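**Q** Have a look at this one.
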């Protein structure tokens, strides 16, 4: 299964044009999106990427309390509903997050890949969130780390630092270095700090 990443690049006239970068799902760590399997959800799986940002494989309603206890104020769900049997729905996770006083955003990334709309939505919710930590999740955490990584590159964060942070959290995204470099180099960001 191919996962496609749509990356804006600056053309000679400084207009943005899409570049499509494809990767086979089995090239991405833990990125297989198999349907119709029962899955088990663990609660101690949050992986720290930065002081403010964590990623996780699929979380459960019970994991929300653990996230709140560690200072998370925003949960981002990058997983479409119905990907696997037994997966909590977005509405269930949102209800639990709101009951715990946390903000919640559903930015689903399916097998068609990550687009500028995903990174823009990510940037918007992170920038609008109150102070605190962000926890993003999907089936394995890979889509979440990639959305964050593309957004960070777009806003000028050094690509080697992004790749290192992901590796420290257990995700090898080095194969995405060319795309992140394009985003980084094309960035005409109005601010100097990446969202997270």
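The values are calculated or read from the model by the stated rules, or taken from the named source; none is laboratory data. Because the structure is a prediction, the values reported are computed rather than measured. Cβ atoms come from the backbone with ideal geometry, glycine included; neighbour counts cover every protein chain shown.
**Q** Return the pairs, sorted by first residue and then second, in which the second residue is crowded, with 22+ Cβ neighbours inside 10 Å and part of a loop (DSSP other than H, G, I, E, B), the first residue lies in segment 70-81 and is at positive phi and in contact (Cβ under 8 Å) with a residue 60 or more places away in the chain, the beta carbons are less than 8 Å apart, and the residues are 6+ apart or on different chains.
**A** none
**Q** Can you find a residue that is assigned to a helix (DSSP H, G or I), surrounded by 13 or more Cβ atoms within 10 Å (Cβ to Cβ), at pLDDT 95 or above and on the phi < 0 side of the Ramachandran plot anywhere in segment 18-31?
**A** No: segment 18-31 contains no residue that is assigned to a helix (DSSP H, G or I), surrounded by 13 or more Cβ atoms within 10 Å (Cβ to Cβ), at pLDDT 95 or above and on the phi < 0 side of the Ramachandran plot.
**Q** For residue 69, state whether it is exposed (fewer than 13 other Cβ atoms within 10 Å of the Cβ), out of contact with any helix residue (DSSP H, G or I) (no Cβ under 8 Å at 6 or more places or on another chain) and closer than 21 Å to residue 169 by Cα.
**A** yes
**Q** Within segment 107-196, which helices (runs of 4 or more DSSP H) (wholly inside it) include 1 or more residues that are surrounded by fewer than 18 Cβ atoms within 10 Å (Cβ to Cβ)?
**A** 116-128, 159-168, 177-186
**Q** Only one residue in 101, 82 is outside any helix (DSSP H, G or I), surrounded by fewer than 15 Cβ atoms within 10 Å (Cβ to Cβ) and more than 19 Å from the chain's Cα centre (by Cα). Which one?
**A** 101
**Q** Still on this structure: Report whether or not residue 51 is in contact with a strand residue (DSSP E or B) (Cβ under 9 Å, 6 or more places away or on another chain), surrounded by fewer than 17 Cβ atoms within 10 Å (Cβ to Cβ) and under 23 Å from residue 150 (Cα atoms).
**A** Yes: the conditions hold for residue 51.
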